[in-house]
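Beneath this line is the structure, given in structure tokens, with notes to follow.
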């Protein structure tokens with residue numbers, strides 16, 4: 001036992017234990033010990049992702065089935081509380097967030113070229129590696145980022161979803177100043193993509209939702225969306241045809257997680273425009289992709305993020321350029337995870353976060 005290790009009582013963790021509906025529960029699990037080359041993070045706050053909700057309902061895509069049992073969660077913020085042998089440059093008490101790629105091979109062409117988010121051997125937190133909806137998390141130093149001074153743990157826990165939006169809107173499809181951007185979906189990623197698009201200079205932004213998104217569409221207005229459309233009641237194509245030169249959106253961001261949304265994307269995008277597909281789901285398409293060809297549209301698959309994405313988002317947090325206050329709908333102790341999940345599913349919250357025991361004891365810590 002090293003000087004940084006101590007005998008611990010079992011920790012609480014939210015565990016997916018079977019490939020069945022509702023097969024998620026809080027369990028006691030051993031507190032992990034950091035091996036050589038790793039650190040242990042004491043989790044303060046962890047965000048709830050739509051993928052966690054899909055795991056709860058067992059409605060995830062086939063490609064999102066990993067190892068069982070597995071602790072859920074991949075949007076973490078906390079402090080380093082133990083350090084394994086051989087780790088340098090990090091100290092006990094450092095405030096950190098962790099990227100989601102818990103393990104990569106580090107040797108394939110994708111890893112060596114900096115695109116390790118696409119590594120075929122990648123093992124993500126909450127899927128193939130125990131995640132952050134627990135009191136402690138083991139991490140390799142390569143996934144750690146320091147939380148800027150003045151940025152709270154609650155804000156920092158939103159780095160991962162903002163990184164997803166940043167990857168789609170800046171690194172993949174690349175919004176240009178003056179663009180017309182349409183965002184399908186008023187959930188967390190859609191709302192965060194809206195913020196990034198506005199920050200990137202989009203002249204006009206349109207966000208689409210359904211009846212369940214009434215509250216979230218109002219938040220989108222407060223965040224600066226030019227137009228919001230409830231597609232359960234209105235045809236967004238009629239509005240889009242009146243904007244800019246009438247040819248359609250320069251960029252459509254699909255943040256719905258519903259496969260048929262791509263058909264609407266192809267209708268709303270302008271010839272020569274782009275579609276950034278962030279959301280994914282198990283449904284078959286059931287329609288032709290000919291409009292992609294006829295319009296010469298570029299379709300970008302947008303998956304995960306890399307080190308520079310996280311650093312850029314954290315800098316934006318540090319400069320106060322991204323709003324998390326309007327996005328955060330509720331903070332819940334881990335014991336109230338079902339309400340945290342349900343509030344997002346109902347549309348009451350854009351984002352829910354779980355607070356671990358350490359966070360409940362140290363809510364005031366922000367710098």
Original post:
Out of (1) in contact (Cβ under 8 Å) with a residue 40 or more places away in the chain; (2) surrounded by fewer than 16 Cβ atoms within 10 Å (Cβ to Cβ); (3) in a loop (DSSP other than H, G, I, E, B); (4) under 17 Å from the mean Cα position of the chain (by Cα), the odd one out for residue 311 is which?
Top reply: (3)
**OP:** Assess whether residue 131 counts as being in contact (Cβ under 8 Å) with a residue 60 or more places away in the chain, outside any strand (DSSP E or B), crowded, with 16+ Cβ neighbours inside 10 Å and under 20 Å from the mean Cα position of the chain (by Cα).
**Re:** yes
Original post:
Within segment 80-102, which residues are under 20 Å from the mean Cα position of the chain (by Cα) and over 21 Å from residue 304 (Cα atoms)?
Top reply: 95
**OP:** Kindly indicate which of 105, 111 is buried (at least 16 other Cβ atoms within 10 Å of the Cβ) and either assigned to a loop (DSSP other than H, G, I, E, B) or more than 17 Å from the chain's Cα centre (by Cα) (or both).
**Re:** 111
Subject >> So residue 257, is it in contact with a strand residue (DSSP E or B) (Cβ under 8 Å, 6 or more places away or on another chain) and closer than 16 Å to residue 184 by Cα >> reply: no
**OP:** Would you check if residue 237 is assigned to a helix (DSSP H, G or I), modelled with pLDDT of 95 or more and under 30 Å from residue 153 (Cα atoms)?
**Re:** no
**OP:** Check off (1) part of a strand (DSSP E or B); (2) over 21 Å from residue 317 (Cα atoms) for residue 80 and give me the number that stays unchecked.
**Re:** (2)
Subject >> Residues within segment 136-150 that are buried (at least 24 other Cβ atoms within 10 Å of the Cβ) and farther than 21 Å from residue 89 by Cα, tallied >> reply: 0
**OP:** For segment 267-289, indicate whether the set of residues that are farther than 21 Å from residue 195 by Cα, assigned to a helix (DSSP H, G or I) and at pLDDT 95 or above is non-empty.
**Re:** yes
Original post:
(1) in contact (Cβ under 8 Å) with a residue 40 or more places away in the chain; (2) surrounded by 22 or more Cβ atoms within 10 Å (Cβ to Cβ): which one isn't true of residue 306, the others all being true?
Top reply: (2)
Original post:
In the list 258, 253, which residue meets the criterion of being at pLDDT 95 or above, under 24 Å from residue 164 (Cβ atoms) and not in a helix (DSSP H, G or I)?
Top reply: 253
**OP:** For segment 290-308, name all the residues that are part of a loop (DSSP other than H, G, I, E, B) and touching a helix residue (DSSP H, G or I) at 6+ places or on another chain (Cβ under 8 Å).
**Re:** 295, 297, 302, 303, 304, 305, 306
Original post:
Any residue at all in segment 88-97 that is crowded, with 17+ Cβ neighbours inside 10 Å and without any contact (Cβ under 8 Å) to a residue 24 or more places away in the chain?
Top reply: no
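The values are calculated or read from the model by the stated rules, or taken from the named source; none is laboratory data. Small disclaimer: the values here were computed from a predicted structure and weren't measured. Cβ atoms come from the backbone with ideal geometry, glycine included; neighbour counts cover every protein chain shown.
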